[in-house]
Amino acid sequence: MGTGAAEPRPFRVDVPDQVLTDLHERLDRVRWADQIPGSTWEYGTDSTYLRDLVTYWRHGYDWRAQEARINELDHFTVPLAGIDVHFVHAPGVGPDPMPLLLCHGWPGSFWEFHRILPLLTDPGRRGGDPADAFTVVAPSLPGYGFSFRPGQRRFDIGAIAEVLDDLMTEVLGYDRYAAQGGDWGGGIVSRLGVDRPKSLVGIHLNLLFARPGVTADPSGEPDAEERAALEAVDHWLKEETGYGWIQGTRPQTLAYALTDSPVGLAAWIVEKFRA
C-alpha cells in the first residue's frame, strides 16, 4: 500500500435477478430492423447472424455460470480520482514477480486476460522459469464495466493513464512496473510511457497509434510496399472508423439506443469484433 492511499475493497460480481429478468423480457420483444436485400455484413451487422446470436443469448447462455467463472478471480475496487476503480489482482508465484499492468481496449474488458493470467503469474507450473513470474493488475478502465457509476466524471487517455499509475504506485505500492496495452489500452500505455516514465520498467504494445510514412526514393514516390500499406490505412479510415467518429463526437446521442436496447448494443459491439 502506498502512503496515505485508500484501501482496496474485495469485490464480487453479483447481478440482481431483476436485471436478468428485464434483459430476458427485452430480448423476447425485440423489434428487428430491415436489412438491404442481398446483403450480409457490407452495411453493418448481418441480421441472420444477429438473430441466431440473440436466440442463443436468450435460451442457451447461462449468465450465472459465467458470473461464477469471473468470481474465481480476485477482484477489488478502490476510490481513486473521484470514482471507484475496479481491478483484478493476481499475485505472481516466484522469487521476485514483476508487477505488470494489463490494459484492455474498446469494446473489451479485463476478461480478455483471464486465460493468460495463470501463464503470467505461475510459469513454473507449466514448465517455465519461476523467475519470469509476474504479479498482474488488470483494471476495468475508468468509464468501462465495473469502473463506472452514473454521473461520474469522464476521462481521456491521459487522465486514465494518471489514474492507473496512481493505482499501481500509490494504492498498490509498486515503485516500478511493466505495462501492456492493445487497442485503446495501447494509447493509454503509450501515454504512461510519456507522462510517467519513472514508474515504468518498460511498455509493450500490440497497437501503435501511428500510420505508415513514405521513405521512398528522392522522387518522393512510394514504392509498392508503401503503397500497399497506405492503401490499407486509407481503406480502414474510410470503411471501418464510422463508429469511432460517432462515439468521439456525439456519444450522448448514441448512448440512449445502446442503453435501452440490449440487441442494439450487441449489434454495435459484435460488428467491431468481427471487423
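The values are calculated or read from the model by the stated rules, or taken from the named source; none is laboratory data. Remember, it's a predicted structure, so these values are computed and weren't measured experimentally. A quick note on method: Cβ atoms are made from the backbone with ideal geometry, for glycine too, and the neighbour counts reach across all protein chains shown. Heavy atoms of the whole protein, side chains included, go into the accessibility calculation; ligands, DNA and RNA do not. Shrake-Rupley method; radii C 1.70, N 1.55, O 1.52, S 1.80 Å.
Some values worked out for this structure:
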read-out: Apportionment of accessible area to carbon and sulfur, the chain, percent (1.4 Å); value: 54 percent
read-out: Y43 paired with V30, simple spin-label distance in nm, labels 7 Å along Cα-to-beta-carbon; value: 1.9 nm
read-out: Listed peptides 55-63, 128-136, 43-51 by packing density, highest first (mean Cβ within 10 Å); value: 128-136, 43-51, 55-63
read-out: Probe 1.4 Å, accessible area per residue of the chain, Å²; value: 60 Å²
read-out: Reference-scaled alpha-carbon Rg (2.2 N^0.38 Å with N residues) for the range 121-171; value: 1.59
read-out: Cα gyration tensor shape for the range 1-146, rounded if a/c is under 1.5, else prolate or oblate; value: prolate
read-out: Theoretical gain in end-to-end length, D156 to K238 [0.36 nm per residue, Cα-Cα removed]; value: 27.1 nm
read-out: Calculated FRET efficiency for the pair D52/V201, C-beta based, R₀ 41 Å, to 0.05; value: 0.35
read-out: Sites D22 and R227, calculated FRET efficiency, Cβ-Cβ separation with R0 51 Å, nearest 0.05; value: 0.45
read-out: Euclidean distance of C-alpha centroids, the range 27-81 and the range 98-152, integer Å; value: 23 Å
read-out: Correct choice for Cα Rg over 2.2 N^0.38 Å that was computed from the model, options [x] 1.15; [y] 1.29; [z] 1.07; value: [x]
read-out: Calculated from backbone phi, Karplus (6.51, -1.76, 1.60) coupling profile of the range 240-256 in Hz, x at Gly/Pro; value: 10, 10, x, 4, x, 5, 5, 5, x, 10, 9, x, 5, 4, 5, 4, 4
read-out: Positive dipole terminus of the chain, leading residue within L20, F87, A275 (C-beta point charges); value: L20
read-out: Beta bridge orientation in the chain: antiparallel %, DSSP, nearest 5; value: 50 percent
read-out: Mean projected area (nm²) of the alpha-carbon convex hull when the range 78-221 is viewed from all directions; value: 11.4 nm²
